[in-house]
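Notes to accompany the following structure.
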Amino acid sequence: MTAAQRIHAVLFDLDGTLLDSAPDLGGAGNDLRERRGLPALPLAAFRPMTGAGARGMLGVALQITPEHPEFETLKHEYLAIYEARMTRLTRVFADMAPVLDALDAAGMPWGIVTNKHSRFAVPVVAAAGLQQRSRTLVCGDTTPHAKPHPEPLFEAARRMGVDPAHCLYVGDDLRDVQAGRAAGMGTVAVAWGYLGQGEPIEAWGADHLINLPAELLNLPGMA
């Protein structure tokens, strides 16, 4: 995407980009620990790995990896705990709310592309008040592939009737940037997200790196 190209739609990752879901994802990790008589961990321990879903949360809560023989059993237990509380504390980031309002006021369509499966994403998006506002919601099980594959982004662009070359994809994980670039979209890495423990955000190769949601409105092609 060149600076001169007009943006016709904005697509967002969900967890860590639009929503601060760490309190419920990490809270479920602590609930899992409580069942085993272990003390709660601070939310700060869970937050960086929130974008990695159950794998990340189990790694923090119980220090196990997918190679552990009980990983699948524990993952199902964790997900059941999370599903029971997933809308308790999850909220739209406070600084993101006025940005979504500004996009709506400007008539800029926006949608959501997440690796979160629809079992969890649909109720969370609805509880956050975004279901009627988002033009599309593409989940981790909507297409045969998940990010970093570009197919979920292509699907969102098809649903919105927008050329991928005129879309921005905004996310807080390296996989978001990889998927956006593979789809030919402009990519925006957000520094307020969960970020993980891999390469630093500056090394992801995004077209833009922003520290505050409001900066999105001033990117090239948005005016």
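The values are calculated or read from the model by the stated rules, or taken from the named source; none is laboratory data. Please read these numbers as outputs of a predicted model, since none were measured by experiment. When we count neighbours, we look across all protein chains shown, and the Cβ atoms used for this are built from the backbone with ideal geometry, even at glycine. Heavy atoms of the whole protein, side chains included, go into the accessibility calculation; ligands, DNA and RNA do not. Shrake-Rupley method; radii C 1.70, N 1.55, O 1.52, S 1.80 Å.
Summary of computed values
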| quantity | calculated |
| --- | --- |
| Max mean-square fluctuation residue, GNM over the chain, Cα-Cα springs under 10 Å, options Leu58, Leu41, Leu32 | Leu41 |
| Charge dipole (debye, nearest 20) of region 93-193; +1 at Cβ of Lys and Arg, -1 at Cβ of Asp and Glu | 240 |
| Cleavage-rule hits, GluC sites (Glu not before Pro), region 16-91, DSSP coil, Cβ neighbours within 10 Å at most 13 | Glu67, Glu70 |
| Surface/4 of the Cα convex hull for region 1-87, nm² | 7.7 |
| Mean shadow area of region 166-223 over all directions, Cα convex hull, nm² | 3.7 |
| Phi to ³J(HN,Hα) by Karplus 6.51 cos²θ - 1.76 cosθ + 1.60 over region 139-146, Hz, x for Gly, Pro | 9, x, 10, 6, 10, x, 10, 10 |
| Overall form of region 94-223 per C-alpha gyration tensor (a/c, 1.5; a/b vs b/c) | rounded |
| Relative contact order, percent, region 42-98 [alpha-carbon distance under 8 Å, six or more residues apart] | 22 |
| Gyration tensor verdict on region 78-148 (Cα atoms; rounded if a/c is under 1.5, prolate if a/b is larger than b/c, oblate otherwise) | oblate |
| Assigned charges on the beta-carbon of Lys, Arg, Asp, Glu; region 6-148 dipole about Cα centre (debye) | 120 |
| FRET efficiency, 1/(1 + (r/R0)^6) with R0 30 Å, evaluated for Asn218 and Gln132 via beta carbons | 0.65 |
| Probe 1.4 Å, accessible area per residue of the chain, Å² | 44 |
| Loop trypsin sites (Lys or Arg not before Pro), region 7-101, which have at most 14 other Cβ atoms in a 10 Å radius of their Cβ (DSSP) | Arg36, Arg88 |
| Distance histogram in 5 Å bins (all Cα pairs of region 126-174, percent per bin) | 4, 18, 27, 27, 19, 5, 0 |
